[in-house]
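Down below is the structure, laid out as structure tokens.
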Amino acid sequence: MLLVHDIRETRIYQEIQEEERQRTLAQNLKSIQKMAALKMAPEVIADILDLDVDMVRKELAKAPR
């Protein structure tokens, strides 16, 4: 009998999970930049997107001004 755990161990499942993580990250980065352009504080951005405030600050520091 095939179990959920067995499916999660497959390469295709793991590749799909990684693709989804990459899409989510890209969307979060785009949202961070849009919110920063509206002069929102990093703490507010982190709260809205449910992200770590240090991660938001790090991404804002990388962004060209």
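The values are calculated or read from the model by the stated rules, or taken from the named source; none is laboratory data. As the structure is a prediction and not an experimental result, all values here were calculated from the model. Here Cβ is always computed from backbone atoms with ideal geometry, including for glycine, and neighbour counts include all displayed protein chains.
Of note:
- Test: residue in the stretch 14-32 that is among the hydrophobic types (A, V, I, L, M, F, W, C), without any contact (Cβ under 8 Å) to a residue 40 or more places away in the chain and surrounded by fewer than 10 Cβ atoms within 10 Å (Cβ to Cβ): no
- Test: residue in the stretch 2-16 that is modelled with pLDDT under 95, charged (D, E, K, R) and touching a Leu at 6+ places or on another chain (Cβ under 7 Å): no
- Apart from one condition, residue 60 fits all of (1) in contact (Cβ under 8 Å) with a residue 24 or more places away in the chain; (2) not in a helix (DSSP H, G or I); the exception is (2).
- Considering only residues in the stretch 33-57 that are within 13 Å of the chain's Cα centre (by Cα) and outside any helix (DSSP H, G or I), the one that is surrounded by the fewest Cβ atoms within 10 Å (Cβ to Cβ) turns out to be 50.
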